[in-house]
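Below is one structure, written out as structure tokens; comments come after it.
Since every read-out is calculated from the coordinates, none of them should be taken as a lab result. Quick caveat: nothing in here was measured; it's all calculated off a predicted structure. Cβ: placed from backbone, ideal geometry, glycine included. Neighbour counts: every protein chain shown.
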């Protein structure tokens, strides 16, 4: 079982995840790929086998006004192949998770088309890197427009319209407020799209009261037998949060303490929740775990130590 | 350089001869063999450390240039006039750069030393007084560097010393009248899998080094105590009165 983390590296200072210069300074995918190469070497040294790449690897690639950036995939074709070779040599499992602005099921045709363009571009990058089918683009269903069921059906239709290169890479994740595992399973039944199970989202949004093991098993079963599925795991942030409110009497803004929202990620992973999750899944097929925690790779490294200490029988399974 | 981001990554690279400087200036590119590339290659700027070949401008960083593209190419495509070079098929990073800009203040090496690559930031480059100020350091090392520098001791950062099993990088090297002092930092407390491979301390000792080793926890908890140990060792090795501020 691989453990992975998303995008930003905290365990070694100075590593950037993409060329983040503004358009005036001509950022480029080829420079992002050099940053990625530096991160891959760090992952190898740290013994981390899975990583979510920045969705901004190719800056302004699909921006409608900056056409000078539209040919970066061709301009960096050799570099994509080279960094993909390195990932294979180092046995890294890679993925993308486009931002919340990518909404395939939007009734706004322009937004839906731009979203499809982004998904296609990210799938094409994985393809040009020569990565296997387990390297995926993870997407949420999107927004609820014109009714929940219509929005769900619109996603399924948008998925079917995508070119094969994107359909083969796209996987769908349950979210924490709108589309539950039952919804993603509905989409899977119509499209065969693979599903990502997210534990915290499932706890936050499970109106059908699907038991965790049942929901997890159903998502895992959407992956072909020869392919290692992947799930997302996170712990909720439990601290009080500081918020700004306007005092109704004086009109002045003031800071107030509020209880936490259980959808927010914690800095580190709760080891006992994670161990319980692994025990719950013990009889199911094997899978990899993308950890979503604010302390990123530091949280991953700490979780490994925690599992070794509190559940040594499980520690050997973690790569 | 009127507006810049202090934290922009910069890679300091070597310029060995006037021809490479001309290539960087006139053709806008620099090359690094893939197999010799440093762990941190990517950067928004390249800065150039000029070696002995540059006469009165030697052993200093004087120019930088914005990075435009980084491509991987075989050497023969980079230098088509040298098709029979023994490394003609070897892969190189071709780093395409913008115009060379002169630094407001050159950054010299006090010890006229050889370097390979130095990952740094634009803020550090523009404020550095000498090349030891350039290295990006984990926080405990940065604190130790600032503390040691303020003692006036002759400290060199990340000094490479040849050993039978390959070069060893000494985090802080002090060359003193009666010997050499190596200060090593274990900055990966609790994460042994990240620990850099180092020859055992006794191998360094066997080649004439006195060795001090500090962990992250020691540097965090008692920096003054660590510096005091360095000072004591330096004075034992003949640091001159006034060096180290204890005399």
Review point. What residue among A:212, A:104, A:257 has the largest mean-square fluctuation in a Gaussian network model of chain A, using Cα springs under 10 Å?
Key: A:257
Review point. Share of antiparallel DSSP beta bridges in chain A, in percent to the nearest 5?
Key: 25 percent
Check your understanding: Just the C-alpha atoms of the protein assembly as shown: what Rg/Rh do they give, with Rh taken as the Kirkwood radius?
Key -> 1.01
Review point. Over the C-alpha atoms of chain A, what are the Rg and the largest Cα-to-Cα span, Dmax, in Å?
Key: 20.2, 64
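Is the shape of segment A:1-42 best called rounded, prolate or oblate, per the rule: a/c under 1.5 gives rounded, else a/b larger than b/c gives prolate, else oblate, with a ≥ b ≥ c the square roots of the Cα gyration tensor eigenvalues? Spell out each step's value before the answer.
Working: a/c = 2.44, a/b = 2.19, b/c = 1.11.
Note, shape of segment A:1-42 comes out prolate.
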Exercise for review: Within a 10 angstrom radius of each residue's Cβ in B:64-74, how many Cβ atoms of other chains show up on average? Whole number is fine.
Suggested key: 6
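Taking square-rooted eigenvalues a ≥ b ≥ c of the alpha carbon gyration tensor, is segment A:51-124 rounded, prolate or oblate, where a/c under 1.5 means rounded and, failing that, a/b exceeding b/c means prolate?
Judged from the Cα gyration tensor, segment A:51-124 comes out oblate (a/c at least 1.5, b/c at or above a/b).
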**Study point:** Computed [θ] at 222 nm, helices only, for chain A once each DSSP H run of length n ≥ 4 contributes -39500 (n - 2.57)
**Key:** -12000 deg cm²/dmol
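In whole percent, what relative contact order does chain A give with Cα contacts below 8 Å and a gap of six or more residues? Kindly include the intermediate steps, with their values, before the conclusion.
Values: 569 pairs, mean separation 54.4, N = 319.
It rounds to 17 percent for chain A.
Rank-order A:172-184, B:106-118 by packing density, defined as the average count of other C-beta atoms within 10 Å over each peptide's residues, highest first. Can you show the working numbers first?
Working: A:172-184: 21.9, B:106-118: 16.6.
In descending order of packing, they fall as A:172-184, B:106-118.
Reported to two decimal places, what Rg/Rh ratio describes segment B:1-143 when computed on Cα atoms with Rh from the Kirkwood expression?
That ratio is 0.97, to two decimals.
Pop the C-beta distance of residue A:285 and residue B:82 into the FRET formula with R0 = 51 Å and round what comes out to the nearest 0.05.
Numbers: r = 55 Å, r/R0 = 1.07.
It comes to 0.40.
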Review point. How many partner chain Cβ atoms sit within 10 Å of a residue's Cβ in peptide A:42-51, on average, as a whole number?
Key: 2
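Does segment A:174-319 come out rounded, prolate or oblate, given a ≥ b ≥ c as the square roots of the eigenvalues of its C-alpha gyration tensor, rounded meaning a/c under 1.5 and, failing that, prolate meaning a/b above b/c?
Numbers: a/c = 2.84, a/b = 1.45, b/c = 1.95.
Taking the square roots of the gyration eigenvalues as a ≥ b ≥ c, segment A:174-319 is oblate.
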Review point. Where both partners of a DSSP beta bridge lie in segment A:163-319, what percent of those bridges are antiparallel, to the nearest 5?
Key: 45 percent
**Study point:** DSSP-defined antiparallel bridges as percent of all bridges, chain B, nearest 5
**Key:** 75 percent
**Study point:** MRE, 222 nm, helices only [DSSP H, n ≥ 4, -39500 (n - 2.57), over chain B, to nearest 500]
**Key:** -6000 deg cm²/dmol
Practice item. Please identify, among A:294, A:252, A:230, the residue showing maximal mean-square fluctuation in a Gaussian network model of chain A using a 10 angstrom Cα cutoff. Key: A:252
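Which whole number gives the average, over all residues in A:22-29, of C-beta atoms from other chains lying within 10 Å of the residue C-beta?
On the way: counts 0, 0, 0, 7, 5, 3, 6, 2.
Going residue by residue through A:22-29 and averaging, the value is 3.
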**Study point:** Calculated log₁₀ intensity ratio I(q)/I(0) where the Debye formula runs over C-alpha points of chain B, q = 0.17 Å⁻¹
**Key:** -1.33
Study note, to complete from the structure: Relative to chain B, whose Cα atoms define the longest principal axis, helix B:139-151 and its Cα axis are tilted in degrees, nearest 10, by 70 degrees
Point to revise | segment A:81-202 - Debye-derived log10 I(q)/I(0), Cα point model, q = 0.11, 0.14, 0.20, 0.22 Å⁻¹ | key: -0.36, -0.57, -1.08, -1.25
